[in-house]
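**Q** Before we start, here is the structure in question, set down as structure tokens.
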Amino acid sequence: MFSDLVKKNRSYRRFYEDFSLKEETLLELIELTRYTASAANRQALRYSCTTDPKLNAQIFPQLHWAAYLSDWDGPPAGERPAGYIFLLQHADCKPASPYDAGIAAQTILLGAAEKGLGGCILASIEREKLKTLLKLPADMELLLVIALGRPKEKIVIEDIEANGNIKYYRDAQGIHHVPKYKLNDLLMK
């Protein structure tokens with residue numbers, strides 16, 4: 001069911017780094033975005049991707065992981081993503097980006113969840129360094145990076161009360177806890 005897929009789709013930040021992720025799989029996920037909504041049907045987004053371990057090792061230091069986990073610098077060696085998808089757009093298409101990029105990124109992650117994969121959308125990134133590393137054209141803006149692989153962590157969703165603490169955390173066993181508001185707290189009455 002679709003609701004199960006949505007619940008399975010979490011922001012995974014630890015992976016089996018030795019998992020062999022095929023570029024073909026990333027292309028299948030990008031293919032899904034062709035069918036998503038696009039503001040004024042501009043279809044401004046473009047993509048780049050990699051599963052190359054050497055390039056992945058150069059990409060990793062350009063990413064900033066999990067701001068609420070202040071004592072964690074991201075996944076250690078052996079738990080890093082097996083691949084990345086980069087969401088790009090032409091610099092002159094800015095009005096569509098917040099909506100189109102969000103729709104495309106969520107579609108990619110839902111497709112990944114359906115394949116038994118997990119991922120994390122990263123917006124806190126070293127854009128100029130990544131553009132240079134990936135040899136992207138100057139007129140392309142790097143919007144988001146999606147880290148992908150086979151998840152190596154357990155994530156638990158917890159209900160919180162209205163105005164409760166929204167910060168995710170890890171417990172002593174390394175289980176990642178994500179507080180979410182209850183339905184009644186989301187509804188305006």
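The values are calculated or read from the model by the stated rules, or taken from the named source; none is laboratory data. Note that the coordinates shown come from a computational prediction; the quantities given were computed from them, not determined experimentally. Every residue, glycine as well, gets a Cβ built from its backbone with ideal geometry; the counts of neighbours run over all protein chains shown. Protein only, heavy atoms only, side chains kept; ligands, DNA and RNA dropped before computing areas. Shrake-Rupley method; radii C 1.70, N 1.55, O 1.52, S 1.80 Å.
**Q** Give the residue from Gly78, Gln173, Ala40 lying farthest towards the positive end of the charge dipole for the chain; charges sit on Cβ (+1 for Lys and Arg, -1 for Asp and Glu) and the dipole is referred to the Cα centre.
**A** Towards the positive end, the residue furthest out is Ala40.
**Q** With every protein chain in place, what's the accessible area of Trp72 (1.4 Å probe, Å², nearest 10)?
**A** My reading of the accessible area for Trp72 is about 50 Å².
**Q** In addition: Can you give the accessible area of Leu29, probe radius 1.4 Å, in Å² rounded to 10?
**A** 0
**Q** Right, something else. May I ask you to rank Arg150, Arg34, Arg13, Arg170 by accessible area, largest first, using a 1.4 Å probe over the protein chains only?
**A** Arg34, Arg150, Arg170, Arg13
**Q** What is the stretch 74-167's relative contact order, in percent, from Cα pairs under 8 angstrom and six or more apart in sequence?
**A** In percent, rounded to a whole number, it is 43.
**Q** Further question on the same structure: Counting only C-alpha contacts under 8 Å and six or more residues apart, can you give the relative contact order of the chain as a whole percent?
**A** Value for the chain: 28 percent.
**Q** Further question on the same structure: What's the ranking of 40-47, 158-165 by average number of surrounding C-beta atoms within 10 Å, highest first?
**A** On the way: 40-47: 15.6, 158-165: 10.8.
Highest to lowest by the protection proxy: 40-47, 158-165.
**Q** So, with a 1.4 angstrom probe, what is the percent of accessible area on the chain that is carbon and sulfur?
**A** Summing carbon and sulfur atoms, their accessible area is 53 percent of the total for the chain.
**Q** Kindly identify the stretch 121-189 as rounded, prolate or oblate by the Cα gyration tensor criterion: order the square roots of the eigenvalues as a ≥ b ≥ c, call it rounded if a/c is under 1.5, otherwise compare a/b with b/c, prolate if a/b is larger, else oblate.
**A** It is oblate, given that a/c is not under 1.5 and a/b is not larger than b/c.
**Q** Another question, then. Please express the shape of the stretch 1-76 as an equivalent ellipsoid: the semi-axes are the square roots of 5 times the eigenvalues of the C-alpha gyration tensor, given largest first in whole angstrom.
**A** The answer is 26, 18, 16 Å, longest axis first.
**Q** While we're looking at this one, here's another question. Assuming a viscosity of 1.306 mPa s and a temperature of 10 °C, what translational diffusion coefficient in µm² per second does Stokes-Einstein assign to the stretch 82-133, Rh being the Kirkwood radius over Cα pairs?
**A** D = 127 µm²/s.
**Q** Considering only C-alpha atoms, what is the centroid distance from the stretch 140-189 to the stretch 1-75, in Å?
**A** 16
**Q** Next up: Could you give the size of the charge dipole of the stretch 70-179 about its Cα centre, using +1 on the Cβ of each K and R and -1 on the Cβ of each D and E, expressed in debye and rounded to the nearest 20? Display every interim value, and only then the final one.
**A** Details: 12 positive and 15 negative charges, 83 e Å.
The calculated dipole for the stretch 70-179 is roughly 400 debye.
**Q** State to the nearest 20 debye the size of the charge dipole of the chain about its Cα centre, where the only charges are +1 on K and R beta carbons and -1 on D and E beta carbons.
**A** With Lys and Arg at +1 and Asp and Glu at -1, about 120 debye.
**Q** Using a 1.4 angstrom probe, figure out how much accessible area the stretch 70-133 has per residue, in square angstrom, rounded to the nearest whole. List each step's numbers first, then the result.
**A** On the way: 2830 Å² over 64 residues.
Per-residue value: 44 Å².
**Q** Compute the semi-axes of the equivalent ellipsoid of the chain, taking the square root of 5 times each eigenvalue of the Cα gyration tensor, and list them largest first in whole Å. Kindly include the intermediate steps, with their values, before the conclusion.
**A** Values: eigenvalues 138, 96, 54 Å².
Result for the chain: semi-axes of 26, 22, 16 Å.
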